[in-house]
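The block underneath contains the structure these notes are about, expressed in structure tokens.
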Amino acid sequence: MKHLKVDIKIGDKVSEVELIEQNGNNITISIDGEIIEADVQNITPNIYSFLHNNNSIDVEVQDGNKNKDYIVNTMMEVFETTVIDAEAKYQMARGKGGGTDDENAISSPMPGKVVKILVKEGDKVKSGETVVIVSAMKMESEYKVKQDRKIIEVCVKEGDNITGGQALIIVE
């Protein structure tokens, strides 16, 4: 079975959630590296019952305003969540295309590998100039500056594996 790994955003916190194993109703997941084993029953189309460490909790999951947004009701608290899967990360990377006008760091929204660094510390770059190329999901993405900038620090080197959100280049 292929592991399913997504980021889930609740409020301002993003957690990495990975389905490690599923055997019938028994699942093993990792949430930010913490392993959790639970028995999950689908009670109705939108209600799930979780049994973990002899504690039972029923959770209602409703579609939110957008495609990967959900409203989760634990019967005690209600959370708005967003699932950030590989497709969503790719779309953010393509739409973002690198730093915005007010950012001081250029970062990749998803894990990958640094393919090429096109600048060095002290370089002055023009708006629209590519500063780094990252390979993620078998595709290369060019990260550009959106206004004239000076390169303060190159935080990675070619061949480095990077995590989502990691600063690649610091600009002035």
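The values are calculated or read from the model by the stated rules, or taken from the named source; none is laboratory data. Computed from a predicted model, the values in this text were never measured in an experiment. Every residue, glycine among them, receives a Cβ derived from its backbone with ideal geometry; neighbour counts consider all protein chains shown.
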Is it the case that some residue within segment 27-40 is at negative phi, assigned by TED's automatic domain parsing to the domain that holds Glu80 and assigned to a loop (DSSP other than H, G, I, E, B)?
no
Has segment 47-66 got any residue that is within 23 Å of Pro109 (Cα to Cα) and either modelled with pLDDT of 90 or more or in a strand (DSSP E or B) (or both)?
no
Restricting attention to segment 4-24, report how many residues are outside any strand (DSSP E or B) and farther than 22 Å from Tyr70 by Cα.
1
Given the conditions (1) surrounded by 13 or more Cβ atoms within 10 Å (Cβ to Cβ); (2) out of contact with any Phe, Trp or Tyr (no Cβ under 9 Å at 6 or more places or on another chain), report the number of the one that Glu80 does not fulfil.
(2)
